[in-house]
Amino acid sequence: MMDHYLRIMPRLLAVPLPEMYEDGFLGLNLHYLNLRERQALLGQLMKFQNNKLYDETTKLKLSYQLLQGSRRLESLSRPCIKRYLYSQVRSQFIEINVDEFDKAIQLPVEDWVFKR
């Protein structure tokens, strides 16, 4: 029997990769980072938003090339980047608008649940 540990409240930012993966996507697993690291990464990512309105129209212009093109972003994102297959995703995704990011990253995400 295989034992599993699952995160109670995972956080993920999907990273657009045109033509790279047809069967999945890359994600930044913010729950792999402690609060200070999440804040630092998000602070860097906020420099790449499409507007300064901080509402539902505000989006991050995020790409793998962007993460790899900056030494600071690359070092912050390296521990939490993971490839996902669409066929293996079992959780629902909930969109969090940019104006709620600061609240969302402060929620307790370090808790694990043991599941057999």
If you keep only loop residues by DSSP, which chymotrypsin sites (Phe, Trp or Tyr not before Pro) in region 16-64 have at most 15 other Cβ atoms within 10 Å of their Cβ?
Tyr21, Tyr54
Which trypsin sites (Lys or Arg not before Pro) from region 32-74 combine a DSSP loop assignment with at most 13 other Cβ atoms within 10 Å?
Lys52, Lys59, Lys61
I'd like the GluC sites (Glu not before Pro) in region 24-116 restricted to DSSP loop residues with at most 12 other Cβ atoms within 10 Å, sorted by number.
Glu56, Glu95, Glu110
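Read the figures in this text as sums done on the coordinates, not as results from a lab. Keep in mind it's a predicted model, so treat the numbers as computed, not measured. Glycine also receives a Cβ, built like all others from the backbone with ideal geometry; neighbour counts cover every protein chain displayed.
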